[in-house]
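Structure first, commentary second.
The values are calculated or read from the model by the stated rules, or taken from the named source; none is laboratory data. All values reported here derive from a predicted model rather than from experimental measurement. When we count neighbours, we look across all protein chains shown, and the Cβ atoms used for this are built from the backbone with ideal geometry, even at glycine. Side chains included, ligands, DNA and RNA excluded: accessible areas come from the protein's heavy atoms. Shrake-Rupley method; radii C 1.70, N 1.55, O 1.52, S 1.80 Å.
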Amino acid sequence: RAGRCQPGICFRLFSKLRFQNMLEFQTPELLRMPLQELCLHTKLLAPVNCPIVDFLMKAPDPPPALIVRNAVQMLKTIDAMDPWEDLTELGYHLAELLVQPHLGKMVLCAVVLKCLDPILTIACTLAYRDPFVLPTLASQKRASMLCRKRFAAGTFSDHMALLRAFQHICPLSSGFVRARGGADIKDVNTNSENWAVVKAALVAGMYPNLVHVDRESMILTGPKEKKVRFHPTSVLSQPQYKKIPPANGQAAAIQALPTDWLVYDEMTRAHRTANIRCCSVVTSITVALFCGPARLPSDALQDPSFVRGGVFCNDNSDSENEDKTAAELAVLKLDEWLHLKLDPEVSNYHF
């Protein structure tokens, strides 16, 4: 504290040139942090009928209004806020959790689906940082990728790799969570060994972070991105252990995917390229059941002739079903981009 609280001598462990190039003041945290969690807490503190963007604009160094509006819109998309920016019941629960809203929603869904232990591990890992170190040497990078793939165990999931890596480091990690009252924590872990149920919780929390596999062009597409690539650190970036030319690596990786949908934790953009980190393949039925708003509008299930554009997916692969015309298939419209084609009998049974 020398020089700040009282006279003294300050030793700086960096060069004078670096010191001269430093900013006089650090960038305010309000301009560096994700705003979704902040918007939730802002709603609890702001006056009634005061929009979140107007309240945050009163800060000494306010974040850009567009970014605030995007964060609010994302909270509406995940049902944390209603159209009037009021917190929903889910939003109040998410405001009490000290994690990003999508991770908090994932944990709450895991409680409902009774797969809490693995989702807690995955959520904590995503909230902190990637536990895998990215080496600088090419040989070490290859060994690191092989290690990730071994942890993924053929599941086409970076989330599985994170989970198994933690279990490998902490084999006796179960039992960190305690239930309140007389309940048994085993009650919320009944399905913790069922990977399909765990992925359902992932989908519910990660939505709308979803991409679709275009089998004709062998590319990944999203709501706003026409071409998405796997980040090089993802276990899905290459389908095999052997070396694949970079020009063909992405197409080969996409071709090897067993399903047409993926959820991801983060999308980064470099120039015109969008990369997705921490991905997992999921089935279409999982997308249909756990994506979209909690309450679908009355016209969500409709005749396909009323829908233009969007992404369509038909899970029926039997030859007798492939001959059906589009008019014989119902369309489930989960949002403006996510449209699923369903057999009418299946849609009537599930929806």
- Would a scan of region 12-20 turn up a residue that is open to solvent by less than 90 Å² (accessible area, probe 1.4 Å), of a type outside the set (Gly, Ala, Ser), closer than 18 Å to residue 76 by Cα and within 39 Å of the chain's Cα centre (by Cα)? no
- What helices (runs of 4 or more DSSP H) completely inside region 28-121 contain at least 3 residues that are closer than 17 Å to residue 205 by Cα and among the aliphatic types (A, V, I, L, M)? 65-77, 89-96, 101-113
- Task: List the number of the failed condition for residue 5; all other conditions in (1) surrounded by fewer than 13 Cβ atoms within 10 Å (Cβ to Cβ); (2) in the same structural domain as residue 58 (by the TED database) hold.
- Result: (2)
- Message: I'd like to know if region 258-281 contains one or more residues that are at pLDDT 65 or above, among the polar types (S, T, N, Q) and over 26 Å from residue 200 (Cα atoms).
- Response: yes
- Query: Among the residues of region 122-169, how many are modelled with pLDDT of 85 or more, in contact with a Phe, Trp or Tyr (Cβ under 9 Å, 6 or more places away or on another chain) and not in a helix (DSSP H, G or I)?
  - Reply: 2
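So for region 112-122 (the condition being among the polar types (S, T, N, Q) and open to solvent by less than 30 Å² (accessible area, probe 1.4 Å)), does at least one residue qualify?
Checked region 112-122: at least one residue is among the polar types (S, T, N, Q) and open to solvent by less than 30 Å² (accessible area, probe 1.4 Å).
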- Task: Could you look through region 23-43, keep only residues that are aliphatic (A, V, I, L, M) and at pLDDT 90 or above, and pick out the one that is farthest from residue 87 (Cα to Cα)?
- Result: 35
- Applying the selection to region 219-231, what residues are free of Cβ contacts under 8 Å to residues at least 40 places away in the same chain and either surrounded by 14 or more Cβ atoms within 10 Å (Cβ to Cβ) or not assigned by the TED database to the domain that holds residue 134 (or both)? 219
